[in-house]
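Report on the following structure.
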Amino acid sequence: MTGADITAILKKHPLGVVCGLVTVICGVVLYQRADNITASQTELEARTTEANKMISNVRNSTGLPEQVAEIQAQRKELEGRLLKAGQLAVNLQYFYKLEAETDVKLQGDVRQGAAAKSNKSYVGVPFSVSVQGTYPQVVSFINKLQTGRHFCRITTATINKNSGSDSAAASAERDIILTLNLELLGQP
């Protein structure tokens with residue numbers, strides 16, 4: 001086939017030749033871009049996931065200012081219930097107030113231990129308390145500790161019968177000794 005024959009074919013079937021060339025060019029382009037199909041699908045999935053997260057965030061953002069205000073109010077209430085580890089007199093006053101409210105008698109001193117060294121905002125401040133009273137008084141004392149102003153965790157508790165040298169009438173009234181090791185939630 002000579003150049004004159006090719007030109008005659010081109011003139012005789014111009015539309016077929018153009019379609020053939022377009023088909024060959026599309027085939028070459030499709031072959032070269034076949035590698036990009038998987039990368040494009042991966043990118044599409046990533047963008048779809050990101051778009052779904054954004055839609056979820058927009059949907060969940062309704063009422064966000066009210067929720068933030070509620071969380072801030074609860075944080076303020078929590079901080080109001082925290083103990084300050086360095087305020088020994090105020091901390092001990094809490095137990096003396098409980099003693100007066102429940103009519104138990106504190107045995108010895110209330111001892112505040114050293115709070116654990118921590119870089120956290122909240123720590124457990126350890127206390128050692130021993131009280132003497134009747135069973136209802138002692139239960140009332142424990143109840144006031146657990147539902148009181150500060151968050152309390154009792155680590156150990158020991159209950160003994162009073163065998164002191166008090167008179168028989170006094171010992172009948174105060175016949176239980178409760179020794180507690182506990183922690184109150186506080187700030188270092």
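The values are calculated or read from the model by the stated rules, or taken from the named source; none is laboratory data. Remember, it's a predicted structure, so these values are computed and weren't measured experimentally. Heads up, the Cβs are rebuilt from the backbone with ideal geometry, glycines too, and the neighbour counts pull from every protein chain shown.
Just to be sure, is E66 in a helix (DSSP H, G or I), surrounded by fewer than 10 Cβ atoms within 10 Å (Cβ to Cβ) and modelled with pLDDT of 90 or more? Criteria met by E66. The residues in the range 34-63 that are part of a helix (DSSP H, G or I) and either under 23 Å from the mean Cα position of the chain (by Cα) or not polar (S, T, N, Q) (or both) can be counted, and the count is 19. Taking V104, is it over 34 Å from the mean Cα position of the chain (by Cα), hydrophobic (A, V, I, L, M, F, W, C), surrounded by 11 or more Cβ atoms within 10 Å (Cβ to Cβ) and under 25 Å from T158 (Cβ atoms)? Considered against the rule, which asks whether it is over 34 Å from the mean Cα position of the chain (by Cα), hydrophobic (A, V, I, L, M, F, W, C), surrounded by 11 or more Cβ atoms within 10 Å (Cβ to Cβ) and under 25 Å from T158 (Cβ atoms), V104 comes out as yes. Taken over the range 111-135, the residue count meeting the criterion of being in contact with a Phe, Trp or Tyr (Cβ under 8 Å, 6 or more places away or on another chain) and loosely packed, with under 13 Cβ neighbours inside 10 Å is 1. All conditions but one from (1) farther than 20 Å from L182 by Cβ; (2) at pLDDT below 90 apply to S118; the one that does not is (1).
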